[in-house]
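What follows is a single structure, written as structure tokens, with notes after it.
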Amino acid sequence: MADGSLAPSLKGAVSEGEWKARVELAALYRLVALQGWDDAIFTHISARVPGPEHHFLINPYGFFFEEMTASCLVKVDLEGRVVQETPYYINPAGFTIHSAVHAAREDAHYVLHLHTDQGTAVSAQTDGLLPLTQHALLVLPQLAYHDYEGIALNLDERQRIVADLGDKKLMLLRNHGTLAVGATAAEAWLGMFFLERACLQQVMAMAPGRDHVALAPEAAQAEVRGQGAAAMPVVSTLAWPGWLRRLDRELPGYDA
């Protein structure tokens, strides 16, 4: 389907694997916009292109997330150099975080980074994400933290991001925002969905102050840790087609 795409269609001009990655990455951008989680032209989502070249897809700088299509996404190498013919360019600072994670984690096929109000608010709280809700309990076993070092222009920061992330799939970037990685678009999206909802719930619960906020019982926290580890991969595959159907209804054109 076409909806005034930013670029001529690349379907058939790239490998089947790359096209699938393009479509799913464009869907992630539009889902972020649909949720109201975008930050104008800022923040990024990236995807690894299947194959030995270590190439990646990221958004053209200067366009809104709701405009993203599979064909307009820009292919770059690990240093952020554009490796395809395109009229667009990328924000090199935006790829600093993404390149670090993609290079270090074989399972990080998709990397999402957001600046939502609720995610940034919780990232700035001393205690970070608290075990207040079921969403939070699902997130906490996979949550890491990275201290703020300024706008991500310093390439040396990459090694510290990787060290702080370790083997986790979610991260709160202190005073900055949220991060999610996944082997599939579905896994990365569901992780971010639960993290962002948990942050919003915490902001709402603590709006009157923390004195009367109840943490989940320790036994319940332990129980959900086991339940979530088993359920999340399955749930992500069940939920993802529904999100794509919603996009087809409400914000079509990502697969152009």
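Where a number appears in this text, it was derived from the coordinates with a stated rule and is not lab data. Model, not experiment: these values are computed from the prediction. When we count neighbours, we look across all protein chains shown, and the Cβ atoms used for this are built from the backbone with ideal geometry, even at glycine.
In a solvent-free Debye calculation with one equal scatterer on each Cα, what is log10 I(q)/I(0) for region 119-161 at q = 0.15, 0.21, 0.25 Å⁻¹, listed in the order of the q values? Ignoring solvent entirely, the Cα scatterers give -0.49, -0.79, -0.94. By other beta-carbon atoms within 10 Å, ranking Asp164, Asp107 with the fewest at the front produces Asp107, Asp164.
Charge tally for Val82 (other residues, Cβ to Cβ under 14 Å; Lys, Arg +1; Asp, Glu -1): -2. Of the GluC sites (Glu not before Pro) found in region 99-183, those that fall in a DSSP loop while having at most 11 other beta-carbon atoms within 10 Å are Glu106. The packing ranking, built from the mean of other Cβ atoms within 10 Å per residue, places the peptides 28-39, 118-129 in the order 28-39, 118-129, highest first. Summing +1 for each Lys or Arg and -1 for each Asp or Glu among the other residues whose beta-carbon sits under 10 angstrom from that of Thr184 gives -3. Normalised by 2.2 N^0.38 Å, where N is the number of residues, the C-alpha radius of gyration of region 101-207 stands at 1.00. About its Cα centre, the dipole of the chain is roughly 300 debye, where the only charges are +1 on Lys and Arg Cβ and -1 on Asp and Glu Cβ. Once the mean of 1/r is taken over each pair of separate Cα atoms and inverted, region 33-158 shows a Kirkwood hydrodynamic radius of 16.0 Å. Computed per residue of the chain from DSSP H runs no shorter than four, each worth -39500 (n - 2.57), the mean residue ellipticity at 222 nm is -14000 deg cm²/dmol.
Evaluate the Debye formula for region 154-230 with equal point scatterers sitting on the alpha carbons, no solvent, and hand back log10 of I(q)/I(0) at q = 0.23 Å⁻¹, in q order, two decimals. The calculated log intensity ratios at q = 0.23 Å⁻¹ are -1.24. With contacts taken as Cα pairs under 8 Å and at least 6 residues apart, the chain reaches a relative contact order of 23 percent. Electrostatic bookkeeping for Leu34 treats Lys and Arg as +1 and Asp and Glu as -1; over the other residues with beta carbon under 10 Å from its beta carbon, the sum is -1. The three principal axes of the C-alpha atoms in the chain carry coordinate ranges of 57, 42, 32 Å, sorted with the longest axis first.
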